[in-house]
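J.: Quick one: the structure is below, questions incoming.
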Amino acid sequence: MQTLAVQIQDNYVQDFMNYVNNHSNNITISKDKNLELDPYFYERKQDLEKIVEDSEDGTMEMLSQEQYEKEMKIFFKDLNANANL
């Protein structure tokens, strides 16, 4: 058995469901809980996997806790300065 993602034009849903009902011995429809909770789940998952890969192979620079805190202090100082303009 194979699992496929299918996108159906809104005006064709009923025709598609009729087809599925007529071939129900061969087709099973189930909702993907991940997509119900977050329509962009798989895109976000792919992005996160890329970030993890980049951080592990050294492509993405990782800051130490000390560097992070220093950068954040500078960021908020600049943010506050620009907010007062």
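The values are calculated or read from the model by the stated rules, or taken from the named source; none is laboratory data. Everything numeric here is computed off the predicted structure, so don't read it as measured data. Cβ placement follows ideal geometry from the backbone for every residue including glycine, while neighbour counts extend to all protein chains displayed. Ligands, DNA and RNA are stripped out before the accessible areas are found, and what is left, the full protein with its side chains, is counted by its heavy atoms. Shrake-Rupley method; radii C 1.70, N 1.55, O 1.52, S 1.80 Å.
J.: Do we have Asn11 as more than 18 Å from the chain's Cα centre (by Cα) and open to solvent by 100 Å² or more (accessible area, probe 1.4 Å) here?
T.: When the stated conditions are applied, Asn11 passes them.
J.: A further question follows. Based on this model, can you work out whether Glu61 counts as at pLDDT below 90, within 24 Å of Gln2 (Cβ to Cβ) and open to solvent by 100 Å² or more (accessible area, probe 1.4 Å)?
T.: Against the criterion (at pLDDT below 90, within 24 Å of Gln2 (Cβ to Cβ) and open to solvent by 100 Å² or more (accessible area, probe 1.4 Å)), Glu61 does not qualify.
J.: Look through segment 25-58, keep the residues that are hydrophobic (A, V, I, L, M, F, W, C) and farther than 18 Å from Leu4 by Cα, and return whichever of them is most open to solvent (accessible area, probe 1.4 Å).
T.: Going through the qualifying residues, I end up with Leu37.
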